[in-house]
Amino acid sequence: MAYLGNFEGTGFSKIDSQRFNGNNSSTQFTMRHNVSMPEHIEVYVENVRQDPFTAYTVSGKTLTFTGTPPTGTGNIYVVYIGGAINTTELPFDTNLSLKDGLNSAPSLYRHDQIKTGIHFPAANTIAMVQNEKQMFTANATNVQLKIRGVTVLDANSSGINVIGAIKDDGTQLSATPSISANTQLALNCVTAHAIAADAVGPTEIKGNAVGATELNANAVVGDIAGSNGVFTHNAHTFQKAQRARVESVTVAAANVTLNFANANIFNLTLNINTHLNLPTNVTAGQAGTIVVKQDGTGSRTLSYAGAWEFPSGTAPTLSTTASAEDRIDYVVVAANAIHAVATLNYG
């Protein structure tokens, strides 16, 4: 048997209206809706209702006045009264109720297309769409934030998962109002299980990323200190041998200048008579050794700048035998004063 009664509605109903601006010239105006008879609309000009039988005519969406409306902003007013206008646009200030929940996948959208709006992709799930791409979805257990349909944040009762790198405008995360120089992570915010094994390595922390201004005296404690980590502000007893780098310098010029920032121990081979200048980067407290070697010819001499201070003010006379070795031990006591003692003729 055929269905009897009204068919199920596919939209909403509302009484619509529209304003036009008169210019004392135009007599025709384009309406928003098709109108079949003049009496199906109310037309007002300067707040005076017009006679539908003599003041204007209609043809589809065209409204034509028999006279010329005066100039004014919004001074022509049309009310569509020829029955409610069918529309897919939710009327202003209207609450929508879906009886018995969502058992299918309806959509709410504007202007007859789902480019931008709200729809329900599955039962008990709501989604927001912009330019035909999902921006947000939510159900009873999960919330997702998306950019152009790609999920960038996924939240449920277990926590929040951010997919991809955390960025602001596409560059590295900067000191924004939410993350500033004064922002601190709360106690236990980052724990052992939050950082996977090998998650932080040389490729994740660039050179000079953590320096004296970023890491204060008590910033790293606990596991590192308990594992015999070395801190410059603490005293340490070493259980194993510690070795210093040795810098070798072959002298072939009348003057030689050592760089005390490079090493504490130097091997100095004399290929010519030379003069030992005041080193660069001299800092009080540095101590070390200079092993002076004659080349295969021997008889090379070494003189000293005034900053090199020997016992009784007498500089040593080095061994001159070919390949002979002498040793000068030094302690820097000031930027221009190096105490030194020579021990001669090794080997």
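What number of residues in the stretch 45-63 are more than 19 Å from Lys14 (Cβ to Cβ) and assigned to a strand (DSSP E or B)?
10
Quick check: is even one residue across the stretch 27-43 on the phi < 0 side of the Ramachandran plot, of a type in the set (Gly, Ala, Ser), loosely packed, with under 12 Cβ neighbours inside 10 Å and at pLDDT below 95? For the stretch 27-43, residues on the phi < 0 side of the Ramachandran plot, of a type in the set (Gly, Ala, Ser), loosely packed, with under 12 Cβ neighbours inside 10 Å and at pLDDT below 95: present. For Ser303, the criteria (1) among the small types (Gly, Ala, Ser); (2) out of contact with any Asp or Glu (no Cβ under 6 Å at 6 or more places or on another chain); (3) over 20 Å from Asn336 (Cβ atoms) hold in every case but one, which is (3). Residues that are loosely packed, with under 11 Cβ neighbours inside 10 Å and either in contact with a Gly (Cβ under 8 Å, 6 or more places away or on another chain) or at pLDDT below 90 (or both): does the stretch 60-70 have at least one? Within the stretch 60-70 (the criterion being loosely packed, with under 11 Cβ neighbours inside 10 Å and either in contact with a Gly (Cβ under 8 Å, 6 or more places away or on another chain) or at pLDDT below 90 (or both)), the answer is no, since none of the residues qualifies. Which of the residues spanning the stretch 130-152 are of a type outside the set (Val, Ile, Thr), more than 12 Å from Val162 (Cα to Cα) and modelled with pLDDT of 85 or more? Residues satisfying the conditions are Met135, Phe136, Ala138, Asn139, Ala140, Asn142. The single condition among (1) in a strand (DSSP E or B); (2) in contact with a Ser or Thr (Cβ under 7 Å, 6 or more places away or on another chain); (3) over 15 Å from Val249 (Cα atoms) that Ser299 does not satisfy is (1). For the stretch 253-269, does any single residue satisfy the condition of being surrounded by 13 or more Cβ atoms within 10 Å (Cβ to Cβ) and over 28 Å from Gln242 (Cβ atoms)? Taking every residue of the stretch 253-269 in turn, none turns out to be surrounded by 13 or more Cβ atoms within 10 Å (Cβ to Cβ) and over 28 Å from Gln242 (Cβ atoms). Cβ separations smaller than 6 Å between residues 6+ apart or across chains give the following pairs from the stretch 124-143 residues that are in the same structural domain as Gly159 (by TED's automatic domain parsing) to residues that are β-branched (Val, Ile, Thr): Ala127/Thr137; Met128/Ile118; Gln130/Thr116; Ala138/Ile126; Asn139/Thr125. In the set Val292, Val282, only one residue is surrounded by 15 or more Cβ atoms within 10 Å (Cβ to Cβ), in contact (Cβ under 8 Å) with a residue 40 or more places away in the chain and under 58 Å from the mean Cα position of the chain (by Cα); that residue is Val282.
The values are calculated or read from the model by the stated rules, or taken from the named source; none is laboratory data. As the structure is a computational prediction, the values presented were derived from the model and not from experiment. Note: ideal-geometry Cβ built from the backbone for every residue, glycine included; neighbour counts use all protein chains shown.
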